[in-house]
1. If a paramagnetic tag sat 7 Å from the Cα of A11 along the Cα-Cβ line, which residues of the range 68-103 would have the backbone N under 20 Å from that point?
2. At most 15 other Cβ atoms within 10 Å and a DSSP loop assignment: could you name the trypsin sites (Lys or Arg not before Pro) in the range 3-53 that fit?
3. Mind jotting down the distance between the C-alpha centroids of the range 83-156 and the range 1-70, whole Å?
4. Using the crude model of +1 on Lys and Arg Cβ and -1 on Asp and Glu Cβ, and no other charge, please compute the dipole size for the chain relative to its Cα centre, in debye to 20.
5. Treat the count of other C-beta atoms within 10 Å as a stand-in for reagent exposure and order S9, S102 from fewest to most.
6. For the range 69-84, what does the Karplus curve 6.51 cos²θ - 1.76 cosθ + 1.60, with θ = phi - 60°, yield as ³J(HN,Hα) per residue in whole Hz, taken in order and with x for Gly and Pro?
7. Enumerate the amide H contacts of T113 below 5 Å, restricted to partners 5 or more residues apart or on another chain; note that Pro and chain-start residues carry no placed amide H.
8. Scan (i) 11.8; (ii) 9.6; (iii) 9.0 for the value of mean projected area of the Cα convex hull in nm² calculated from this model and give just the label.
Amino acid sequence: MSYVVTGLSEAEFQPLFGLSDAALAERGVQRMTVTAPQGFPCRISLQDRPVGETVLLLNYEHQPADTPFRSRHAVFVGEQAGPTARYVDELPPVLAVRPFTSLRAFDTDGMMTDGQLVPRADLADAIARMLAAPGTAYLHAHYPGRGCYAARIDRA
């Protein structure tokens, strides 16, 4: 099954880019400088941002469905991320380098229908299998350690 992994819309976060730290703090957002080559995964570019760049750490509602599975969590967005990433039949860098990914399947109403912890070597196959399951409308990928939302996956 063909799939597409999509980052969050850059336009949604554009109003935050360039604000002072005080203005960000008023909105519950923190600016951080990337200090390691891995560990600051941008949800727009779907790449770990390079050392020295800045990212914004904020709370984001990634599952807005009015169900018990409605969810929000901390995410990083890179102030220099550029346009929204879109990977067709390819794992984005942030998923391709991590040892495990948590996949969660949802139906059209936003109810979770499945969840699996998947090793990197099996990730593409697991995505195809979960998207092919009856009733699955889309998937969310999460980082298993802290549970943060990583990306949305749809049929291509």
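1. Only 77-87 pass the distance filter.
2. Within the range 3-53, the qualifying trypsin sites (Lys or Arg not before Pro) (loop, at most 15 other Cβ atoms within 10 Å) are R27.
3. Between the Cα centre of the range 1-70 and that of the range 83-156, the gap is 18 Å.
4. 240 debye
5. S9, S102
6. Each residue of the range 69-84 in turn: 9, 3, 8, 9, 7, 6, 9, 9, 10, x, 5, 10, 5, x, x, 4 Hz.
7. A105, F106, D107
8. Label of the calculated value: (iii).
Since every read-out is calculated from the coordinates, none of them should be taken as a lab result. Since we're looking at a predicted model, the values are computed, not measured. Positions of Cβ are backbone-derived with ideal geometry, glycine not excepted, and every protein chain shown enters the neighbour counts.
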